[in-house]
Amino acid sequence: MKIRWHYGLAFPLILAVVLGGLSAWLGRISEIQTEEVQLNPDEPQYWMGGMEGKRFDEQGNLQEHFTATEAFQLPNSKDVHFRSPKLDVHQQGKPAYQVKGKEGLYNTDTRVAVFQKEVLLTKPADATHPAGTVKTEFIHVDTQIQFAQTEHPVEFTYGQSHGSSVGITYDHTKGLLNFPSKVKATIYDAKNL
């Protein structure tokens, strides 16, 4: 008995099987195996040393100048932590106030900054108001609405006047410093000095 090969039909079938096998083999060796690594939530995901940032208004005038000796962000956190943060806020290119502390953080969602440990808020003198300072251990600063507040003990000066209280709010746009609790102060009238 004689077997006849039908080369016309066998060749495409063999070629299809070989190419299919080659394709499967190449697909398998080219797959990239990825493995998600869980980061330690207590160790920084990002760390920066010696940072500085500036923001300008529509006219090109300096609006905010922020510096810190270092910054870091923990995994899965919206808070950026700072060492020795200092924020200078300007209006129409002129210094409006400065806040600094030993530590701080900034929430990227709320855009609120917190300054902690030996916090000093200073406002330079202008044509109608004397210089002022507020010392405390903790203060929230909302740079968008230019509002600062704390519920911690504070010491303040305003020209030659000075005093202490527990808690303050400072609305820079209104030029209003408010004390929600009893105040111990020595007040001097700047016009009579």
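The values are calculated or read from the model by the stated rules, or taken from the named source; none is laboratory data. Being a predicted model, the structure only gives us computed values, none of them experimental. Virtual Cβ from ideal backbone geometry, glycine too; neighbours counted across all protein chains shown. Just the protein is used for accessible areas: all its heavy atoms, side chains included, with ligands, DNA and RNA removed. Shrake-Rupley method; radii C 1.70, N 1.55, O 1.52, S 1.80 Å.
Let's see how each residue does on (1) surrounded by 10 or more Cβ atoms within 10 Å (Cβ to Cβ); (2) part of a helix (DSSP H, G or I); (3) at pLDDT below 90; (4) of a type in the set (A, V, I, L, M, F, W, C):
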| residue | (1), (2), (3), (4) |
| --- | --- |
| F11 | yes, yes, yes, yes |
| I32 | no, no, yes, yes |
| P44 | yes, no, yes, no |
| D109 | no, no, yes, no |
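Return the only residue of I139, I145 being part of a strand (DSSP E or B) and either in contact (Cβ under 8 Å) with a residue 12 or more places away in the chain or surrounded by fewer than 17 Cβ atoms within 10 Å (Cβ to Cβ) (or both).
Within the list I139, I145, the selection yields I139.
State all residues of segment 53-64 that are open to solvent by 50 Å² or more (accessible area, probe 1.4 Å) and under 17 Å from R111 (Cα atoms); if no residue qualifies, say none.
Answer for segment 53-64, where residues must be open to solvent by 50 Å² or more (accessible area, probe 1.4 Å) and under 17 Å from R111 (Cα atoms): K54, R55, F56, Q63.
If I filter segment 171-184 down to residues being open to solvent by 40 Å² or more (accessible area, probe 1.4 Å) and touching a residue at least 40 places away in the same chain (Cβ under 8 Å), which single residue comes out as nearest to L120 (Cα to Cα)?
L177
Determine which single condition T67 fails, assuming it passes every other condition in (1) open to solvent by less than 40 Å² (accessible area, probe 1.4 Å); (2) within 17 Å of V112 (Cβ to Cβ); (3) under 15 Å from the mean Cα position of the chain (by Cα).
Just one mismatch for T67, condition (2).
All but one of (1) modelled with pLDDT of 85 or more; (2) outside the structural domain of K102 (by the TED database) hold for Q38; state the number of the condition that does not hold.
Only one criterion in (1) modelled with pLDDT of 85 or more; (2) outside the structural domain of K102 (by the TED database) is unmet by Q38, namely (1).
Within 19 Å of the chain's Cα centre (by Cα) and not small (G, A, S) - does that describe any residue in segment 121-129?
Checking segment 121-129: at least one residue is within 19 Å of the chain's Cα centre (by Cα) and not small (G, A, S).
Which count do you get for residues in segment 84-101 that are modelled with pLDDT of 90 or more and either surrounded by fewer than 15 Cβ atoms within 10 Å (Cβ to Cβ) or not in a strand (DSSP E or B) (or both)?
Number satisfying all stated conditions: 3.
Output the number of residues of segment 148-170 satisfying the condition of being surrounded by fewer than 15 Cβ atoms within 10 Å (Cβ to Cβ) and more than 22 Å from E118 (Cβ to Cβ).
Qualifying residue count, segment 148-170: 1.
Here are some conditions: (1) under 21 Å from Y46 (Cβ atoms); (2) of a type in the set (G, A, S); (3) in contact with a Pro (Cβ under 7 Å, 6 or more places away or on another chain). A131 meets all but one. Which one does it not meet?
Against the list (1) under 21 Å from Y46 (Cβ atoms); (2) of a type in the set (G, A, S); (3) in contact with a Pro (Cβ under 7 Å, 6 or more places away or on another chain), A131 comes up short only on (1).
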